[in-house]
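Bear in mind that the values in this text are calculations on the coordinates, not laboratory data. Predicted, not measured: the structure shown is a model, and the values here were computed from it. No Cβ is skipped: glycine too gets one built from the backbone with ideal geometry, and neighbour counts run over all protein chains shown.
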Amino acid sequence: MTDVDPNSQLWNLLRGALGTKALAIAADLGVADALADGPRPVAELAAESRANVDTLNRVLRALASDGVFAEDEPGVFRNTTASELLLHGSPARWREFAHLFGGAAYAATAGLDPHEAEPGFSRAFGTDFWSWLAANPEERANFDRAMTGGRAESADQLAKLDWKEGDRVADVGGGNGALLRELLEQRPELRGIVFDLPEAERDETTFGERMDFVAGSFFESVPEADAYILSRILHDWDDERAAAILRVIRVAAPPDARLMVLDSVIPSGNEPNGSKWLDLLMLVLQNGRERTEREWHALLEAAGFRIDQLEDGLIQATCR
């Protein structure tokens with residue numbers, strides 16, 4: 001449990017929407033990049049980004065009070081280690097996440113209603129999240145870039161597992177192939193297939209000879225492989241749709257195929273845990289969900305898989 005004063009607890013939750021929007025503004029205006037060479041007056045930052053000076057000053061001052069940017073003197077700001085994570089091209093992809101959370105997800109969250117079953121996103125935008133991404137290529141590209149955040153850590157985790165020479169690994173919903181590319185660099189005995197919708201942003205010139213792209217929908221079919229990776233895919237869907245994805249994989253998978261699910265496992269108890277908040281985000285975007293250990297067992301076993309090892313962030317299963 002936390003030792004924070006109860007009044008502060010409530011205030012920190014109430015101001016959360018303001019923090020989200022402020023961070024998104026700073027990210028979209030490229031403030032961190034503008035401060036990459038050192039402190040600058042807010043008037044210069046506003047002029048370059050065509051922002052209102054007073055509004056931008058107050059946004060940056062509020063962020064600086066929480067350690068994102070720092071105000072060295074009135075109206076003069078510099079980067080901090082936190083704001084540097086918003087730099088263009090940062091592998092953590094916080095800039096892309098800030099855009100998503102402060103834009104589409106922000107509007108969807110405003111539509112969270114305990115009396116409604118329909119996701120807040122659909123009610124805010126008049127369509128589902130995936131159709132909206134397909135109709136907005138820039139948003140789709142930002143989303144795909146955001147999803148590469150943390151891929152290096154995930155690849156390291158997968159690389160430590162036991163593999164056989166010549167194993168074919170299919171990254172289902174693999175986007176631009178960043179995760180699989182990292183894995184193959186560490187495990188040269190493997191071959192890889194990136195499987196995703198044709199509109200997924202990618203550069204196949206970076207794939208190399210051991211990696212291919214196959215276009216398609218994981219609700220219809222997937223390629224045959226020795227191992228399947230589902231990285232942050234199943235939490236996007238409710239149990240019915242997640243089970244459909246798993247059944248499609250099970251049909252294509254050889255009898256001894258393995259499945260690696262990179263997703264959260266919600267713990268019991270009241271300790272702070274980010275996956276419980278991520279669960280709310282999945283709810284408002286597309287009625288997806290994070291899952292508990294019991295829920296993961298029920299979902300995978302009903303689809304024809306046996307869980308061999310389960311930990312937060314990585315669930316290993318085999319066909320049964």
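Would you kindly compute the Cα radius of gyration of the range 163-235 and its largest Cα-Cα separation (Dmax), both in Å?
In order Rg, Dmax, the Cα atoms of the range 163-235 give 11.3, 32 Å.
Which shape class applies to the range 65-168: rounded if a/c is under 1.5, otherwise prolate when a/b exceeds b/c and oblate if not, where a ≥ b ≥ c are the square roots of the Cα gyration tensor eigenvalues? Don't jump to the answer; show the numbers that get you there.
Details: a/c = 2.23, a/b = 1.04, b/c = 2.14.
Since a/c reaches 1.5 but b/c is at least a/b, the shape of the range 65-168 is classed as oblate.
For the range 6-86, build the charge dipole from Cβ charges (+1 Lys, Arg; -1 Asp, Glu) around the Cα centre, then report which of ASN57, GLY30, ASN12 sits farthest towards its positive end.
ASN12
Full-extension gain between ASN270 and ASP33, please, as 0.36 nm times their residue separation minus the C-alpha to C-alpha distance.
Residue separation times 0.36 nm, minus the Cα-Cα distance, leaves 81.5 nm.
Could you tell me the center-to-center distance, by alpha carbons, between the range 171-216 and the range 34-68 in angstrom?
About 39 Å separates the Cα centre of the range 171-216 from the one of the range 34-68.
Straight-line reach from LYS21: which lysines fall under 30 Å, measuring Cα to Cα and dropping same-chain residues less than 8 apart?
Partners within reach: LYS276.
What order, most packed first, do the peptides 24-33, 268-277, 228-237, 134-143 have when packing is the mean number of other Cβ atoms within 10 Å of each residue?
In decreasing order of mean packing, 24-33, 268-277, 228-237, 134-143 become 228-237, 24-33, 134-143, 268-277.
Write down the Kirkwood hydrodynamic radius of the chain, to one decimal in angstroms, obtained as one divided by the mean of 1/r over all alpha carbon pairs.
21.4 Å
Under the rule of -39500 (n - 2.57) per DSSP H run of 4 or more residues, summed and divided by the residues of the chain, what mean residue ellipticity at 222 nm is obtained, to the nearest 500 deg cm²/dmol?
-12500 deg cm²/dmol
Quick check of the Kirkwood formula: for the range 151-319, what is the inverse mean of 1/r over all pairs of different Cα atoms, in Å?
After inverting the mean inverse Cα-Cα distance, the result is 16.2 Å.
Between the helical axis of 293-302 and the dominant principal axis of the chain, each derived from Cα atoms, what acute angle in degrees is found, rounded to the nearest 10?
40 degrees
Quick one: among ASP239, ASP128, ASP308, which has the greatest mean-square fluctuation in a GNM of the chain with alpha-carbon springs under 10 angstrom?
Result: ASP308 has the largest fluctuation of those listed.
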